[in-house]
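Colleague: I have a structure here, written as structure tokens, and I will follow up with some questions on it.
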Amino acid sequence: HLAKFREVEDKETIVLIDILTCDTNFGYDFKSSWRILQNINGEDVKNMAHLYSIYTNACQSLSENGRTEDKEEKCQEGTENKATEADSSDASCEFLIFKFRDKSQIVLETADCMKSEEEILEQHGIPSIVSAGIVGKAEKR
């Protein structure tokens, strides 16, 4: 699959190669093999800009709406594909559920991800969460 030409415009294969260590993702370790990202919270990920949009929308929804009774409905607003699998339909902006093609998954609390962003960037010498090019593509969506 990785060697095939794109069949869908703007489709990129996103591969998890390593996990940057922090308290937010404690216990997750996939060093034995690479993982191909399939979806987040039930929404198929098309490319890096789309991945960034899903993450920022979840963060924004959580910040705006807090943890209310109707958080699932508010957090899911604006997504293109509503979750169809039973276990994914519970997805809300409170959690980020990353599912991979090999059926493995990572579940992180969105609030914890937001809180740990700066620490992770500083600890690993990363200048920003995404490149300007990704932000530009995400804004066009």
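Bear in mind these aren't lab numbers, they're just calculated from the coordinates by the rules spelled out. What you are looking at is a predicted structure, and each value in this text was computed from that prediction instead of being measured. For neighbour counting, all protein chains shown are included, and Cβ atoms are generated from backbone atoms with ideal geometry for every residue, glycine included.
Colleague: Loop-only check: which chymotrypsin sites (Phe, Trp or Tyr not before Pro) in segment 9-38 are DSSP coil with at most 12 other Cβ within 10 angstrom? Mind showing how you got there, number by number?
Modeller: Working: sites: Phe26, Tyr28, Phe30, Trp34; in loops: Phe26, Tyr28, Phe30, Trp34.
Those that pass, being in a loop and sparsely packed, are Phe26.
Colleague: Which FRET efficiency value, to the nearest 0.05, is calculated for Ile14 and Met114 with the Förster distance at 22 angstrom and r the Cβ-Cβ distance?
Modeller: The computed FRET efficiency comes out at 0.60.
Colleague: Which of the peptides 126-135, 54-63, 109-118 is most tightly packed, and how do the rest follow, judged by the mean count of other Cβ atoms within 10 Å per residue?
Modeller: Numbers: 126-135: 12.3, 54-63: 18.3, 109-118: 16.0.
My ranking of the peptides, most packed first, is 54-63, 109-118, 126-135.
Colleague: Multiplying the sequence separation of Ser131 and Ile36 by 0.36 nm and subtracting their Cα-Cα distance, what value in nm do you get?
Modeller: Stretched fully, the Ser131-Ile36 segment lengthens by 32.1 nm.
Colleague: Using amide H atoms built in the peptide plane, which far-off residues or other-chain residues are under 5 Å from Lys46 H to H?
Modeller: Leu51
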